[in-house]
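Trainee: Next up is a structure, given as C-alpha coordinates.
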Amino acid sequence: MDGQRDEQRGGTGDEHDPVTGVGRRRWTRWWTGSGGRPGPLRRAGVILAVLTVALVGTVLGVLAGGRVNTDIGPFRASLTLAPAAAGSTTVDIPPLGALLLDSHDGPIHLTVRLGALDQGRTEALLDDPASISRASQTAVEDVRAGVMRLGLRTLASAVLVALLLAALVFRDVRRTAWAGGLALLVTAGSLGGAAATLRPQAIEEPRYEGLLVNAPAIVGDARRIANDYTKYAEQLQRLVGNVSQLYTTVSSLPVYEPAPGTTRVLHISDLHLNPTAWQLIRTVVEQFGIDVVIDTGDITDWGSEPEASFVASIGLLKKPYVFIRGNHDSGRTAAAVARQPNAIVLQNSTTTVAGLTVAGIGDPRFTPDKNTSPAGSGLTAQVADQVIGVGEQLSATVRNSPRRVNIALVHDPASAGPLSGTCPLVLAGHTHARQVSRLPQVPGQQPTALMVEGSTGGAGLRGLEGEKPTPLSMTVLYFDQQKMLQAYDDITVGGTGQSQVNLERHVVQEPAKGAQAPVTPTPSRGGSQSPTPSPTSTR
(Lines give C-alpha, C1' and ligand atoms only; values in the text may rest on other atoms or scores of the structure.)
Protein backbone atom coordinates (compact mmCIF):
# COMPACT_ATOMS: atom_id res chain seq x y z
CA MET A 1 0.00 0.00 0.00
CA ASP A 2 2.82 2.41 0.91
CA GLY A 3 4.60 1.55 -2.35
CA GLN A 4 1.40 2.18 -4.31
CA ARG A 5 1.00 5.56 -2.59
CA ASP A 6 4.63 6.36 -3.45
CA GLU A 7 4.07 5.45 -7.08
CA GLN A 8 0.95 7.62 -7.19
CA ARG A 9 2.89 10.58 -5.74
CA GLY A 10 6.16 10.30 -7.64
CA GLY A 11 6.14 7.17 -9.68
CA THR A 12 9.17 5.76 -7.82
CA GLY A 13 8.67 6.95 -4.31
CA ASP A 14 10.54 10.17 -5.24
CA GLU A 15 8.86 13.39 -4.12
CA HIS A 16 8.66 16.05 -6.86
CA ASP A 17 9.93 19.57 -6.41
CA PRO A 18 6.85 21.81 -6.74
CA VAL A 19 8.76 24.34 -8.87
CA THR A 20 10.91 22.24 -11.22
CA GLY A 21 8.87 19.06 -11.19
CA VAL A 22 12.11 17.08 -10.79
CA GLY A 23 12.25 14.38 -8.17
CA ARG A 24 14.26 15.34 -5.10
CA ARG A 25 16.15 12.05 -5.15
CA ARG A 26 17.14 12.74 -8.72
CA TRP A 27 18.43 16.20 -7.71
CA THR A 28 20.44 14.49 -5.02
CA ARG A 29 21.90 12.03 -7.52
CA TRP A 30 22.84 14.88 -9.93
CA TRP A 31 24.60 16.70 -7.10
CA THR A 32 26.19 13.87 -5.10
CA GLY A 33 26.41 11.29 -7.89
CA SER A 34 26.56 7.61 -7.23
CA GLY A 35 29.23 5.21 -6.16
CA GLY A 36 31.05 7.93 -4.24
CA ARG A 37 31.59 10.08 -7.34
CA PRO A 38 30.34 13.71 -7.46
CA GLY A 39 27.41 14.49 -9.71
CA PRO A 40 27.62 16.71 -12.81
CA LEU A 41 26.22 19.77 -11.03
CA ARG A 42 28.73 19.51 -8.25
CA ARG A 43 31.59 19.03 -10.70
CA ALA A 44 30.51 22.13 -12.63
CA GLY A 45 30.28 24.10 -9.38
CA VAL A 46 33.76 23.02 -8.33
CA ILE A 47 35.22 23.95 -11.73
CA LEU A 48 33.54 27.36 -11.61
CA ALA A 49 34.77 27.94 -8.07
CA VAL A 50 38.36 27.01 -9.00
CA LEU A 51 38.25 29.35 -12.02
CA THR A 52 36.88 32.21 -9.95
CA VAL A 53 39.45 31.79 -7.19
CA ALA A 54 42.28 31.51 -9.72
CA LEU A 55 41.23 34.70 -11.56
CA VAL A 56 40.66 36.67 -8.35
CA GLY A 57 44.01 35.48 -7.01
CA THR A 58 45.73 36.42 -10.28
CA VAL A 59 44.33 39.97 -10.26
CA LEU A 60 45.21 40.45 -6.59
CA GLY A 61 48.69 39.04 -7.20
CA VAL A 62 49.32 41.36 -10.15
CA LEU A 63 48.15 44.37 -8.16
CA ALA A 64 50.20 43.37 -5.11
CA GLY A 65 53.43 42.27 -6.78
CA GLY A 66 53.46 43.85 -10.25
CA ARG A 67 55.91 46.60 -9.34
CA VAL A 68 59.69 46.95 -9.39
CA ASN A 69 62.09 49.82 -8.85
CA THR A 70 64.99 50.23 -11.25
CA ASP A 71 67.43 52.81 -12.59
CA ILE A 72 66.87 54.20 -16.10
CA GLY A 73 69.81 56.37 -17.01
CA PRO A 74 70.18 58.87 -14.17
CA PHE A 75 66.68 58.31 -12.85
CA ARG A 76 65.20 56.19 -10.15
CA ALA A 77 62.14 54.75 -11.83
CA SER A 78 59.29 52.44 -10.95
CA LEU A 79 57.70 49.99 -13.38
CA THR A 80 54.15 48.86 -12.65
CA LEU A 81 51.85 46.33 -14.32
CA ALA A 82 48.10 46.44 -13.80
CA PRO A 83 45.09 44.65 -15.36
CA ALA A 84 43.45 46.75 -18.06
CA ALA A 85 40.82 46.47 -20.75
CA ALA A 86 43.37 47.28 -23.47
CA GLY A 87 47.13 47.14 -23.56
CA SER A 88 49.08 50.42 -23.45
CA THR A 89 52.04 52.10 -21.79
CA THR A 90 52.22 55.34 -19.82
CA VAL A 91 55.56 57.09 -19.30
CA ASP A 92 54.91 59.38 -16.35
CA ILE A 93 57.41 62.25 -16.01
CA PRO A 94 56.31 64.35 -13.03
CA PRO A 95 55.86 67.29 -12.90
CA LEU A 96 56.19 67.70 -16.67
CA GLY A 97 53.40 65.41 -17.85
CA ALA A 98 53.02 61.96 -19.35
CA LEU A 99 53.45 60.16 -22.67
CA LEU A 100 50.78 57.62 -23.61
CA LEU A 101 51.83 54.88 -26.04
CA ASP A 102 49.66 52.35 -27.85
CA SER A 103 52.46 49.83 -27.33
CA HIS A 104 50.87 46.38 -27.19
CA ASP A 105 47.67 44.34 -27.03
CA GLY A 106 46.35 42.32 -24.14
CA PRO A 107 44.80 42.99 -20.74
CA ILE A 108 47.92 44.59 -19.23
CA HIS A 109 48.88 48.24 -18.77
CA LEU A 110 52.51 49.19 -18.10
CA THR A 111 53.34 52.40 -16.24
CA VAL A 112 56.90 53.73 -16.25
CA ARG A 113 57.23 56.49 -13.67
CA LEU A 114 60.46 58.46 -13.71
CA GLY A 115 61.15 59.63 -10.17
CA ALA A 116 63.97 61.50 -8.49
CA LEU A 117 67.44 61.82 -9.94
CA ASP A 118 70.20 59.89 -8.25
CA GLN A 119 72.37 62.50 -6.49
CA GLY A 120 75.70 61.04 -7.59
CA ARG A 121 74.60 60.63 -11.20
CA THR A 122 73.07 64.11 -11.26
CA GLU A 123 76.33 65.67 -10.11
CA ALA A 124 78.13 63.75 -12.84
CA LEU A 125 75.68 65.10 -15.42
CA LEU A 126 76.20 68.67 -14.25
CA ASP A 127 79.98 68.30 -14.27
CA ASP A 128 80.11 66.58 -17.64
CA PRO A 129 77.23 67.38 -20.05
CA ALA A 130 78.52 64.68 -22.42
CA SER A 131 77.50 62.11 -19.83
CA ILE A 132 73.87 62.80 -20.72
CA SER A 133 74.48 61.09 -24.05
CA ARG A 134 76.26 58.18 -22.39
CA ALA A 135 73.50 57.80 -19.80
CA SER A 136 70.78 57.79 -22.45
CA GLN A 137 72.56 55.05 -24.38
CA THR A 138 72.09 52.66 -21.44
CA ALA A 139 68.36 53.36 -21.28
CA VAL A 140 67.37 50.49 -23.57
CA GLU A 141 69.20 47.88 -21.49
CA ASP A 142 67.93 49.43 -18.27
CA VAL A 143 64.32 49.25 -19.43
CA ARG A 144 64.71 45.75 -20.86
CA ALA A 145 66.20 44.44 -17.61
CA GLY A 146 63.56 46.18 -15.55
CA VAL A 147 60.70 44.80 -17.63
CA MET A 148 62.12 41.26 -17.39
CA ARG A 149 62.32 41.55 -13.60
CA LEU A 150 58.83 43.01 -13.51
CA GLY A 151 57.41 40.15 -15.58
CA LEU A 152 58.99 37.43 -13.43
CA ARG A 153 57.96 39.16 -10.21
CA THR A 154 54.39 39.60 -11.46
CA LEU A 155 54.17 35.96 -12.53
CA ALA A 156 55.45 34.70 -9.19
CA SER A 157 53.18 37.03 -7.21
CA ALA A 158 50.06 36.06 -9.18
CA VAL A 159 50.68 32.31 -8.74
CA LEU A 160 51.54 32.66 -5.05
CA VAL A 161 48.47 34.71 -4.18
CA ALA A 162 46.22 32.36 -6.18
CA LEU A 163 47.66 29.35 -4.29
CA LEU A 164 47.18 31.01 -0.90
CA LEU A 165 43.64 32.07 -1.71
CA ALA A 166 42.73 28.62 -3.04
CA ALA A 167 44.21 26.94 0.04
CA LEU A 168 42.09 29.14 2.31
CA VAL A 169 38.91 28.61 0.30
CA PHE A 170 39.12 24.90 -0.59
CA ARG A 171 41.50 23.39 1.97
CA ASP A 172 42.17 20.78 -0.69
CA VAL A 173 45.59 20.14 -2.24
CA ARG A 174 44.28 19.13 -5.64
CA ARG A 175 42.00 22.12 -6.11
CA THR A 176 44.69 24.44 -4.80
CA ALA A 177 47.12 23.05 -7.35
CA TRP A 178 44.56 23.54 -10.14
CA ALA A 179 44.03 27.17 -9.10
CA GLY A 180 47.78 27.80 -9.08
CA GLY A 181 48.16 26.22 -12.51
CA LEU A 182 45.36 28.33 -13.94
CA ALA A 183 46.91 31.49 -12.45
CA LEU A 184 50.22 30.56 -14.05
CA LEU A 185 48.53 29.95 -17.41
CA VAL A 186 46.53 33.22 -17.35
CA THR A 187 49.43 35.42 -16.22
CA ALA A 188 52.01 33.86 -18.52
CA GLY A 189 49.55 34.02 -21.42
CA SER A 190 48.81 37.71 -20.82
CA LEU A 191 52.49 38.62 -20.52
CA GLY A 192 53.36 36.51 -23.55
CA GLY A 193 50.56 38.08 -25.57
CA ALA A 194 51.78 41.56 -24.69
CA ALA A 195 55.33 40.62 -25.70
CA ALA A 196 54.17 39.02 -28.96
CA THR A 197 52.14 42.09 -29.97
CA LEU A 198 54.74 44.66 -28.91
CA ARG A 199 54.75 47.68 -31.23
CA PRO A 200 58.10 49.45 -30.87
CA GLN A 201 57.01 52.06 -33.40
CA ALA A 202 54.40 53.30 -30.90
CA ILE A 203 57.05 55.60 -29.45
CA GLU A 204 57.00 57.46 -32.77
CA GLU A 205 53.42 58.61 -32.14
CA PRO A 206 53.12 59.44 -28.45
CA ARG A 207 50.16 61.25 -26.96
CA TYR A 208 51.35 63.87 -24.51
CA GLU A 209 49.32 65.07 -21.53
CA GLY A 210 50.64 67.82 -19.31
CA LEU A 211 51.89 71.40 -19.50
CA LEU A 212 51.97 72.78 -23.03
CA VAL A 213 55.34 74.50 -22.58
CA ASN A 214 56.98 71.12 -21.93
CA ALA A 215 55.50 69.32 -24.93
CA PRO A 216 58.21 70.07 -27.54
CA ALA A 217 61.06 68.97 -25.28
CA ILE A 218 59.34 65.80 -24.08
CA VAL A 219 58.08 64.63 -27.46
CA GLY A 220 61.19 65.76 -29.36
CA ASP A 221 61.84 67.00 -32.87
CA ALA A 222 59.58 65.56 -35.57
CA ARG A 223 62.38 65.28 -38.09
CA ARG A 224 64.33 62.97 -35.79
CA ILE A 225 61.48 60.51 -35.50
CA ALA A 226 62.20 57.25 -37.34
CA ASN A 227 59.79 55.26 -39.46
CA ASP A 228 61.81 52.10 -38.90
CA TYR A 229 61.30 49.48 -36.20
CA THR A 230 65.05 49.06 -35.85
CA LYS A 231 65.36 52.61 -34.54
CA TYR A 232 63.26 51.90 -31.47
CA ALA A 233 66.35 51.86 -29.25
CA GLU A 234 67.46 55.21 -30.64
CA GLN A 235 64.07 56.76 -29.87
CA LEU A 236 64.08 55.48 -26.31
CA GLN A 237 67.59 56.84 -25.80
CA ARG A 238 66.50 60.22 -27.11
CA LEU A 239 63.48 60.26 -24.81
CA VAL A 240 65.68 59.68 -21.76
CA GLY A 241 68.15 62.25 -23.03
CA ASN A 242 65.34 64.80 -23.44
CA VAL A 243 64.09 64.28 -19.92
CA SER A 244 67.63 64.36 -18.54
CA GLN A 245 68.13 67.73 -20.18
CA LEU A 246 64.87 69.00 -18.70
CA TYR A 247 65.80 68.02 -15.18
CA THR A 248 69.43 69.20 -15.29
CA THR A 249 69.02 72.58 -17.01
CA VAL A 250 68.60 75.29 -14.40
CA SER A 251 67.86 78.43 -16.38
CA SER A 252 64.93 77.30 -18.52
CA LEU A 253 63.33 74.28 -20.10
CA PRO A 254 65.20 73.40 -23.29
CA VAL A 255 63.45 73.22 -26.63
CA TYR A 256 65.36 71.21 -29.19
CA GLU A 257 66.51 73.09 -32.25
CA PRO A 258 64.71 72.01 -35.42
CA ALA A 259 66.64 69.82 -37.80
CA PRO A 260 68.36 71.76 -40.61
CA GLY A 261 65.87 72.85 -43.22
CA THR A 262 62.76 71.95 -41.20
CA THR A 263 59.93 74.48 -41.50
CA ARG A 264 57.31 74.64 -38.75
CA VAL A 265 53.85 75.93 -39.60
CA LEU A 266 51.08 76.57 -37.07
CA HIS A 267 47.60 76.04 -38.54
CA ILE A 268 44.80 77.86 -36.69
CA SER A 269 41.20 78.56 -37.65
CA ASP A 270 37.88 79.89 -36.35
CA LEU A 271 39.07 82.03 -33.42
CA HIS A 272 35.63 83.68 -33.20
CA LEU A 273 36.79 86.58 -31.01
CA ASN A 274 38.07 84.36 -28.18
CA PRO A 275 40.90 86.38 -26.52
CA THR A 276 42.14 83.23 -24.75
CA ALA A 277 43.22 81.90 -28.13
CA TRP A 278 45.90 84.58 -28.60
CA GLN A 279 47.77 83.62 -25.43
CA LEU A 280 47.69 79.98 -26.48
CA ILE A 281 48.91 80.86 -29.99
CA ARG A 282 51.79 82.95 -28.60
CA THR A 283 52.82 80.11 -26.29
CA VAL A 284 52.91 77.59 -29.15
CA VAL A 285 54.73 79.99 -31.48
CA GLU A 286 57.45 80.53 -28.87
CA GLN A 287 57.77 77.00 -27.50
CA PHE A 288 57.62 75.18 -30.83
CA GLY A 289 59.80 77.62 -32.81
CA ILE A 290 57.06 78.31 -35.36
CA ASP A 291 58.17 79.88 -38.67
CA VAL A 292 54.75 80.70 -40.18
CA VAL A 293 51.19 80.99 -38.83
CA ILE A 294 48.35 80.10 -41.21
CA ASP A 295 44.78 81.19 -40.35
CA THR A 296 41.95 79.72 -42.45
CA GLY A 297 39.35 82.28 -41.41
CA ASP A 298 36.53 83.27 -39.05
CA ILE A 299 38.81 85.33 -36.85
CA THR A 300 35.76 87.43 -35.85
CA ASP A 301 32.06 86.74 -35.32
CA TRP A 302 30.25 89.63 -37.01
CA GLY A 303 32.94 91.30 -39.11
CA SER A 304 32.08 94.67 -37.57
CA GLU A 305 34.36 97.69 -37.19
CA PRO A 306 34.66 97.38 -33.36
CA GLU A 307 35.87 93.80 -33.79
CA ALA A 308 38.76 94.97 -35.95
CA SER A 309 40.81 95.78 -32.84
CA PHE A 310 40.84 92.05 -32.00
CA VAL A 311 43.25 91.36 -34.84
CA ALA A 312 45.90 93.70 -33.38
CA SER A 313 47.37 90.69 -31.53
CA ILE A 314 48.61 89.37 -34.87
CA GLY A 315 51.49 91.84 -34.80
CA LEU A 316 52.62 90.60 -31.38
CA LEU A 317 53.42 87.18 -32.83
CA LYS A 318 56.31 88.64 -34.87
CA LYS A 319 55.99 85.78 -37.36
CA PRO A 320 54.53 85.79 -40.90
CA TYR A 321 50.75 85.45 -40.59
CA VAL A 322 48.93 84.19 -43.69
CA PHE A 323 45.16 84.79 -43.59
CA ILE A 324 42.11 84.04 -45.70
CA ARG A 325 38.66 85.38 -44.95
CA GLY A 326 35.95 83.12 -43.46
CA ASN A 327 32.20 83.51 -43.74
CA HIS A 328 32.14 85.47 -40.45
CA ASP A 329 34.82 87.91 -41.65
CA SER A 330 33.89 91.02 -43.59
CA GLY A 331 35.98 93.01 -46.03
CA ARG A 332 36.74 95.39 -43.15
CA THR A 333 38.06 92.43 -41.16
CA ALA A 334 40.38 91.43 -43.98
CA ALA A 335 41.58 95.03 -44.32
CA ALA A 336 42.30 95.24 -40.56
CA VAL A 337 44.34 92.04 -40.78
CA ALA A 338 46.23 93.34 -43.82
CA ARG A 339 47.29 96.43 -41.83
CA GLN A 340 49.28 94.28 -39.39
CA PRO A 341 52.99 94.47 -40.26
CA ASN A 342 53.49 90.68 -40.40
CA ALA A 343 50.17 89.74 -42.04
CA ILE A 344 49.51 88.54 -45.59
CA VAL A 345 45.90 88.32 -46.78
CA LEU A 346 45.30 86.00 -49.72
CA GLN A 347 42.35 86.41 -52.06
CA ASN A 348 42.79 84.03 -54.97
CA SER A 349 46.51 84.75 -54.85
CA THR A 350 49.81 83.18 -53.79
CA THR A 351 52.69 84.12 -51.52
CA THR A 352 56.02 82.57 -50.53
CA VAL A 353 57.00 82.57 -46.85
CA ALA A 354 59.78 80.59 -45.15
CA GLY A 355 60.37 78.80 -48.44
CA LEU A 356 56.75 77.59 -48.68
CA THR A 357 54.54 78.75 -51.54
CA VAL A 358 50.97 79.17 -50.26
CA ALA A 359 47.83 79.88 -52.30
CA GLY A 360 44.53 80.92 -50.75
CA ILE A 361 41.08 82.31 -51.34
CA GLY A 362 38.46 83.71 -48.95
CA ASP A 363 35.00 82.27 -48.40
CA PRO A 364 32.48 83.63 -50.96
CA ARG A 365 29.84 84.18 -48.27
CA PHE A 366 29.50 86.79 -45.55
CA THR A 367 27.00 85.25 -43.15
CA PRO A 368 27.77 86.39 -39.59
CA ASP A 369 24.31 85.38 -38.39
CA LYS A 370 23.81 81.78 -39.44
CA ASN A 371 20.04 82.13 -38.94
CA THR A 372 19.86 84.72 -41.72
CA SER A 373 22.61 83.32 -43.91
CA PRO A 374 21.86 81.76 -47.31
CA ALA A 375 22.60 78.36 -45.76
CA GLY A 376 20.72 79.02 -42.54
CA SER A 377 17.36 77.84 -43.85
CA GLY A 378 18.76 75.02 -45.94
CA LEU A 379 21.53 74.58 -48.47
CA THR A 380 20.63 76.00 -51.86
CA ALA A 381 22.12 75.25 -55.24
CA GLN A 382 23.36 78.85 -55.41
CA VAL A 383 25.31 78.51 -52.15
CA ALA A 384 26.78 75.17 -53.25
CA ASP A 385 27.89 76.70 -56.55
CA GLN A 386 29.53 79.59 -54.67
CA VAL A 387 31.44 77.35 -52.28
CA ILE A 388 32.65 74.94 -54.95
CA GLY A 389 33.27 77.81 -57.37
CA VAL A 390 35.94 79.42 -55.21
CA GLY A 391 37.74 76.09 -55.15
CA GLU A 392 37.72 76.05 -58.95
CA GLN A 393 39.04 79.63 -59.05
CA LEU A 394 41.89 78.78 -56.67
CA SER A 395 42.64 75.61 -58.63
CA ALA A 396 43.23 77.69 -61.77
CA THR A 397 45.45 80.08 -59.80
CA VAL A 398 47.52 77.21 -58.42
CA ARG A 399 47.97 75.58 -61.82
CA ASN A 400 49.07 78.91 -63.34
CA SER A 401 51.47 79.75 -60.51
CA PRO A 402 55.08 80.18 -61.69
CA ARG A 403 56.23 78.45 -58.49
CA ARG A 404 55.08 75.04 -57.35
CA VAL A 405 52.41 75.55 -54.66
CA ASN A 406 53.00 73.59 -51.46
CA ILE A 407 49.81 74.48 -49.55
CA ALA A 408 46.38 75.70 -50.65
CA LEU A 409 43.97 77.42 -48.23
CA VAL A 410 40.17 77.46 -48.26
CA HIS A 411 37.79 78.19 -45.40
CA ASP A 412 35.08 75.61 -46.08
CA PRO A 413 36.45 72.10 -46.77
CA ALA A 414 33.69 71.75 -49.37
CA SER A 415 35.74 74.10 -51.56
CA ALA A 416 38.69 71.70 -51.58
CA GLY A 417 37.45 69.21 -54.19
CA PRO A 418 38.61 71.09 -57.32
CA LEU A 419 42.11 71.40 -55.79
CA SER A 420 42.76 67.66 -55.97
CA GLY A 421 45.98 67.00 -57.89
CA THR A 422 47.09 70.66 -57.92
CA CYS A 423 49.16 70.60 -54.71
CA PRO A 424 50.12 68.15 -51.96
CA LEU A 425 48.14 69.73 -49.12
CA VAL A 426 44.94 71.72 -48.59
CA LEU A 427 44.15 73.36 -45.24
CA ALA A 428 40.62 74.37 -44.18
CA GLY A 429 38.47 75.15 -41.14
CA HIS A 430 34.80 76.15 -40.74
CA THR A 431 33.41 72.89 -39.32
CA HIS A 432 34.93 73.23 -35.80
CA ALA A 433 35.91 69.57 -36.06
CA ARG A 434 39.43 68.32 -36.78
CA GLN A 435 39.70 65.87 -39.66
CA VAL A 436 42.40 64.46 -41.94
CA SER A 437 41.44 62.86 -45.25
CA ARG A 438 42.59 62.40 -48.82
CA LEU A 439 40.80 64.07 -51.71
CA PRO A 440 39.60 61.80 -54.52
CA GLN A 441 42.66 61.44 -56.73
CA VAL A 442 42.68 62.70 -60.29
CA PRO A 443 44.23 60.07 -62.61
CA GLY A 444 47.77 61.02 -63.50
CA GLN A 445 47.94 63.75 -60.86
CA GLN A 446 49.63 63.84 -57.48
CA PRO A 447 47.53 62.86 -54.46
CA THR A 448 46.25 65.70 -52.28
CA ALA A 449 45.58 65.59 -48.56
CA LEU A 450 42.93 67.69 -46.82
CA MET A 451 43.49 68.75 -43.21
CA VAL A 452 40.53 70.45 -41.51
CA GLU A 453 41.27 72.28 -38.26
CA GLY A 454 38.94 72.47 -35.29
CA SER A 455 38.20 75.81 -33.65
CA THR A 456 41.24 77.54 -32.15
CA GLY A 457 38.84 79.82 -30.31
CA GLY A 458 36.67 76.99 -29.00
CA ALA A 459 33.89 78.23 -31.34
CA GLY A 460 33.68 81.47 -29.35
CA LEU A 461 30.54 81.91 -27.27
CA ARG A 462 28.71 79.18 -29.18
CA GLY A 463 31.29 76.77 -27.78
CA LEU A 464 29.49 77.05 -24.43
CA GLU A 465 26.09 76.03 -25.80
CA GLY A 466 26.66 72.28 -25.34
CA GLU A 467 27.11 70.25 -22.17
CA LYS A 468 30.89 70.53 -22.50
CA PRO A 469 32.75 73.55 -23.90
CA THR A 470 34.27 73.16 -27.35
CA PRO A 471 38.02 72.53 -27.02
CA LEU A 472 40.59 74.90 -28.49
CA SER A 473 42.57 73.15 -31.20
CA MET A 474 45.50 73.89 -33.48
CA THR A 475 48.09 71.89 -35.40
CA VAL A 476 51.85 72.23 -35.81
CA LEU A 477 52.96 71.04 -39.26
CA TYR A 478 56.57 69.99 -39.91
CA PHE A 479 57.93 70.33 -43.48
CA ASP A 480 61.28 68.93 -44.63
CA GLN A 481 63.81 70.60 -46.94
CA GLN A 482 61.73 69.59 -49.98
CA LYS A 483 58.74 71.29 -48.31
CA MET A 484 56.86 68.00 -47.96
CA LEU A 485 54.88 67.34 -44.80
CA GLN A 486 56.77 64.88 -42.58
CA ALA A 487 54.78 65.02 -39.30
CA TYR A 488 52.19 67.03 -37.42
CA ASP A 489 51.23 67.61 -33.80
CA ASP A 490 47.55 67.94 -32.93
CA ILE A 491 47.25 70.24 -29.90
CA THR A 492 43.98 70.31 -27.98
CA VAL A 493 43.23 72.46 -24.93
CA GLY A 494 40.09 71.99 -22.83
CA GLY A 495 37.38 74.48 -23.72
CA THR A 496 36.59 77.71 -21.92
CA GLY A 497 37.14 77.28 -18.17
CA GLN A 498 39.23 74.11 -18.59
CA SER A 499 43.01 73.67 -18.66
CA GLN A 500 43.75 70.09 -19.81
CA VAL A 501 46.28 70.01 -22.63
CA ASN A 502 46.66 67.12 -25.06
CA LEU A 503 49.33 66.77 -27.75
CA GLU A 504 49.27 63.90 -30.21
CA ARG A 505 52.11 63.27 -32.65
CA HIS A 506 51.41 61.88 -36.13
CA VAL A 507 54.26 60.74 -38.38
CA VAL A 508 53.75 60.88 -42.14
CA GLN A 509 54.83 57.91 -44.18
CA GLU A 510 57.62 58.50 -46.66
CA PRO A 511 56.31 58.70 -50.23
CA ALA A 512 57.69 56.40 -52.89
CA LYS A 513 60.90 57.56 -54.49
CA GLY A 514 60.27 60.08 -57.22
CA ALA A 515 56.62 60.50 -56.28
CA GLN A 516 55.18 63.76 -55.01
CA ALA A 517 52.85 62.16 -52.54
CA PRO A 518 51.58 64.23 -49.64
CA VAL A 519 50.41 63.11 -46.27
CA THR A 520 49.74 59.49 -45.45
CA PRO A 521 49.58 59.46 -41.67
CA THR A 522 50.58 56.24 -39.99
CA PRO A 523 47.60 54.57 -38.30
CA SER A 524 46.67 56.20 -35.02
CA ARG A 525 43.70 56.45 -32.73
CA GLY A 526 41.11 58.89 -33.88
CA GLY A 527 42.51 59.07 -37.42
CA SER A 528 40.02 59.14 -40.26
CA GLN A 529 39.92 59.08 -44.00
CA SER A 530 36.79 60.32 -45.67
CA PRO A 531 35.64 61.71 -48.99
CA THR A 532 35.44 65.40 -49.71
CA PRO A 533 32.67 66.92 -47.60
CA SER A 534 29.74 68.61 -49.18
CA PRO A 535 29.05 72.32 -48.56
CA THR A 536 28.07 72.77 -44.93
CA SER A 537 25.72 75.09 -43.16
CA THR A 538 27.39 78.26 -41.98
CA ARG A 539 29.30 78.08 -38.70
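The values are calculated or read from the model by the stated rules, or taken from the named source; none is laboratory data. What you see is a predicted model, and the numbers here were worked out from it, not measured in a lab. Glycine gets a Cβ as well: all are built from the backbone with ideal geometry, and neighbour counts include every protein chain shown. Surface areas here come from the heavy atoms of the whole protein model, side chains and all, with no ligands, DNA or RNA. Shrake-Rupley method; radii C 1.70, N 1.55, O 1.52, S 1.80 Å.
Trainee: Relative to the present Cα-Cα distance, how much length would full extension add between T351 and R149 at 0.36 nm per residue of separation?
Mentor: My answer for the length gained is 66.9 nm.
Trainee: If you rank M484, M148 by how much accessible surface each has, with a 1.4 Å probe, what is the order from largest down?
Mentor: Ranking M484, M148 by accessible area, largest first, yields M148, M484.
Trainee: Nearest 0.05, what FRET efficiency do D385 and L185 give at R0 = 51 Å with Cβ-Cβ as r?
Mentor: The value I calculate is 0.20.
Trainee: For T276 and L164 in the same chain, what is the full-extension length gain: residue separation times 0.36 nm, less their Cα-Cα distance, in nm?
Mentor: Answer, rounded to one decimal: 34.6 nm.
Trainee: What is the calculated FRET efficiency for D105 to S401, with r their C-beta to C-beta distance and R₀ = 35 Å, to the nearest 0.05?
Mentor: The value I calculate is 0.15.
Trainee: Give the peptides 276-283, 165-172 in descending order of average Cβ contacts within 10 Å, highest first.
Mentor: Descending packing order for the listed peptides: 276-283, 165-172.
Trainee: How do 151-164, 420-433 rank on mean C-beta neighbours within 10 Å, highest first?
Mentor: The most tightly packed comes first, giving 420-433, 151-164.
Trainee: Got a sec? What order do T470, T456 fall in by accessible area at 1.4 Å, biggest, i.e. largest, first?
Mentor: T470, T456
Trainee: Further question: Calculate the FRET efficiency for T197 and W302 from the Cβ-Cβ distance with a Förster distance of 35 Å, rounded to the nearest 0.05.
Mentor: In this case the efficiency is close to 0.10.
Trainee: Separate question: So if each residue of separation counts as 0.36 nm, and I subtract the Cα-Cα distance between A84 and E141, what length gain in nm does that give?
Mentor: Between A84 and E141, full extension yields 17.9 nm more.
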